[in-house]
Amino acid sequence: MRENGPLEEKASADIMSSGHARGWAASILLNTGLRWTIVAAILLVVLLIQIPVVLNADLACLLTEGEKVLDGRKLGVDLFELNPPLSVYLYMPASMLARVTGIAPEIIVIILVMIEIVGALFMIDRAAAAAKLGAGERSVSTYLFVFLFAILPVGVFGQREHIAVIALAPFVAITAIRWRGLAPGPIAVLAGLAAGLAMSIKPQLALVLGFPIILGVFRQRSVKPLFTPEACAAAAVVIGYGAVVVLVFPDYLLTYAPMVTAAYLPLRMSLVELLPFPVAVIGASVAFLRLVAPQDFKMGGDATPWLAAAVGGAASFILQGKHWGYTAFALCVFAIAAPMLHAHVRTLRMPVITAGLVAVAFIGYCLSVQVRPFPPLQGRIQALAKHPRLITIGDHVALGHPLVRQIDGTWVGSSCVQLLAAGAMLLQNSSQPTVGERAKLDGIIHFERRQLLADLRAGRPDVILVDTYLLSSFRFDWLAWANSDPELRTELSRYREVEDVGGRVRILVAESSSER
């Protein structure tokens, strides 16, 4: 964002007097009431678009787990989630409001994210106003971020990374304001609290904030950037959340988290597979910045904090190591923001505009690509049992979610997936673990079997869906894996296989259900 000076004010006046079209464009930039009306209209359209598409596998799983907590289950004791506790509790307000209002929780998720977007836009605008930035610059920032927050993440809308990046953006904007020697005002504290929440949701996103702050430390040759009000507020939230996890979720922290560390975190792609996308996105951002705002391209330029945040997003993407689209969201948002916030519209040439639009559209496509590893199952399940109790045997969350919600069924599993067992088996076969490491991995596999047995006994599912691949890459007989345990074999003997769908999913039905 750039500070308005006399020349920029004169340019605004020139635009206003140069014709109806330019005057109309200028009125959009300078009219505050119109700006927020346009934002509201955009969000309303996005709400209508998102209602039928928002419910992806991850969101559905976390919503279901949150509902289990509301029903009395305890995380880390009789409910197990690979991610830290806040991932489950993040969506519980939507479930609670759904029970009060009767509105579907996924719709409430969309509405709550819309409210968060408005809050982030407000914080960014208030900080810019406190820094005495011009109305035109503030409008450009608002329009850009409503696009980046609401429209760009079509395929990842409502996921944890989306929510976290929205919460992070005001902090980055304030860091950019301080980079210019301006003061963001008291709203900085609120931005810091939001950033602390974001880092609690996804600790890897601390890199998004850390890179600009570290650059500020080197630039000023002082540690003051580490102790700004927003940085202290963010640190306080993270420390507080850590204390809550230690005190309230000791079972998760001491029992389940070590298994996640041993069997899930090592499941990552190689650097050769991970690097091309962030390199391409950062490279494109730098190239466009060089074209549209060469004076901001230098190390001390106003765009530097935004580029540093994009590099932090790239580091977060690589650190997570999964190459899932939503894990690149921070990278994409700040890589687009860096040149767009500093472009001079009047000097842009059509080839540059066209190339920029193509690049943004390609990034949006990459974020929205949906991998559908399983054939349609909804009609098949509903033909076998109405409102069934459902469970899956396998390591892919998309096998059971959002399917169980779409068929108005009941999830009876204590976790959404047996991914820890899959990771442990892969590590045993692809590496050379020591005797102690192999014993630990065997213990994780045994734990997953015991939980599955408990779920079958307590939940009495009507339908069991069995995957036929390990980590979607290798043919694997999950049913044989379960039957290798005598007690599990006894429980599964009460079910019969009714269909093998495309060689990808085996459907088992309880004898009592299949006779309906």
Of all helices (runs of 4 or more DSSP H) fully inside the stretch 420-516, the set with 1 or more residues that are among the hydrophobic types (A, V, I, L, M, F, W, C) is 435-459, 478-483, 486-492
Within the stretch 62-91, of all residues that are outside any helix (DSSP H, G or I) and aromatic (Phe, Trp, Tyr), the one nearest to residue 452 (Cα to Cα) is 80
So, first residue modelled with pLDDT of 90 or more in the stretch 351-379, second residue in a helix (DSSP H, G or I) and not hydrophobic (A, V, I, L, M, F, W, C), Cβ within less than 6 Å, six or more apart or across chains; the pairs are 378/406
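Residues are listed down the side, and each one gets a yes or a no for (1) under 19 Å from residue 502 (Cα atoms); (2) touching a Phe, Trp or Tyr at 6+ places or on another chain (Cβ under 8 Å); (3) not assigned by TED's automatic domain parsing to the domain that holds residue 424:
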site: 352; (1), (2), (3): no, yes, yes
site: 362; (1), (2), (3): no, no, yes
site: 367; (1), (2), (3): no, yes, yes
site: 388; (1), (2), (3): no, no, no
site: 393; (1), (2), (3): yes, yes, no
site: 402; (1), (2), (3): no, no, no
Note on residue 400: of the conditions (1) more than 30 Å from residue 51 (Cα to Cα); (2) out of contact with any Asp or Glu (no Cβ under 9 Å at 6 or more places or on another chain); (3) not β-branched (Val, Ile, Thr), unmet is (1)
- [ ] Assess whether residue 395 counts as being within 27 Å of the chain's Cα centre (by Cα), among the charged types (D, E, K, R), outside any helix (DSSP H, G or I) and closer than 20 Å to residue 71 by Cβ.
- [x] no
Condition (residue is out of contact with any helix residue (DSSP H, G or I) (no Cβ under 8 Å at 6 or more places or on another chain) and at pLDDT 95 or above) applied to the stretch 153-164: is it met by at least one residue? no
Of the residues in the stretch 319-351, those that are surrounded by 15 or more Cβ atoms within 10 Å (Cβ to Cβ) and among the β-branched types (Val, Ile, Thr) number 3
Within the stretch 490-516, residues being closer than 30 Å to residue 265 by Cα and among the charged types (D, E, K, R) number 2
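Rundown of residues vs (1) touching a helix residue (DSSP H, G or I) at 6+ places or on another chain (Cβ under 8 Å); (2) of a type in the set (D, E, K, R), yes/no style:
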residue: 54; (1), (2): yes, no
residue: 65; (1), (2): yes, yes
residue: 73; (1), (2): no, yes
residue: 82; (1), (2): yes, no
residue: 91; (1), (2): yes, no
residue: 98; (1), (2): yes, no
The residue from 191, 169 that alone is in the same structural domain as residue 91 (by TED's automatic domain parsing) and within 15 Å of the chain's Cα centre (by Cα) is 169
Query raised in the report: Given the structure, is residue 217 farther than 22 Å from residue 83 by Cβ and not charged (D, E, K, R)?
Result: yes
Matching residues in the stretch 271-292 (over 30 Å from residue 188 (Cα atoms) and modelled with pLDDT of 90 or more) number 12
Practice problem: Take residue 465 and decide whether it is assigned by TED's automatic domain parsing to the domain that holds residue 422, in contact with a helix residue (DSSP H, G or I) (Cβ under 8 Å, 6 or more places away or on another chain) and closer than 25 Å to residue 267 by Cα. | Solution: yes
(1) touching a Pro at 6+ places or on another chain (Cβ under 6 Å); (2) among the aliphatic types (A, V, I, L, M); (3) more than 22 Å from residue 372 (Cα to Cα) all hold for residue 63 apart from (3)
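One line per residue, one yes/no per condition, for (1) surrounded by 14 or more Cβ atoms within 10 Å (Cβ to Cβ); (2) over 31 Å from the mean Cα position of the chain (by Cα):
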position	(1), (2)
457	no, yes
464	yes, no
468	yes, no
492	yes, yes
500	no, yes
510	yes, yes
Residue 196: passes all of (1) in contact with a Leu (Cβ under 9 Å, 6 or more places away or on another chain); (2) of a type in the set (Gly, Ala, Ser); (3) closer than 26 Å to residue 59 by Cα but (1)
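The values are calculated or read from the model by the stated rules, or taken from the named source; none is laboratory data. Bear in mind that the values here come from a model prediction, so they are computed numbers and not experimental data. Reconstructed Cβ throughout: ideal geometry from the backbone, glycine too, with neighbour counts over all protein chains shown.
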